[in-house]
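Bear in mind these aren't lab numbers, they're just calculated from the coordinates by the rules spelled out. In this text, all values refer to a predicted model and were calculated from it rather than measured experimentally. Backbone-built Cβ (ideal geometry, glycine too); neighbour counts: all protein chains shown.
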Amino acid sequence: MPTTHSAVRPIRVSFFDDRIEVESPGILLPGMTIEDMRQGVSKIRNHVIARVFRELNLIEQWGSAAHRSGGLHPPLWLEPE
C-alpha cells in the first residue's frame, strides 16, 4: 500500500554531548537487514539521486558511510519496537 504524504514523519537528528542520534521513520528495503547495514551492504532506493551524488563525487562508494566514523564509536543500529 503506498504511503500518503500526510502519514510521513520527518527524519529527526538530535545532538548530545556524547552522541548524535538519527531517527528515520522509514523502513528498510525488502531483503535488507540491520546486520547487512553493519557489514556495509548498500541497496539503492532512488537510483537517480544515487547516480547524481556519485557523479558529483558526493559519495565515495556505496555503503561506506557507516564505516567512516572518524575515530568515533561505530554506529548502533536499532530497529523500532
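Summed over the stretch 19-33, residues that are surrounded by 10 or more Cβ atoms within 10 Å (Cβ to Cβ) and either in contact with a Leu (Cβ under 7 Å, 6 or more places away or on another chain) or farther than 13 Å from Lys43 by Cα (or both) total 7. Selection of the stretch 29-51 for residues being without any contact (Cβ under 8 Å) to a residue 12 or more places away in the chain, in a loop (DSSP other than H, G, I, E, B) and farther than 14 Å from Pro75 by Cα yields Pro30, Met32, Thr33, Asn46.
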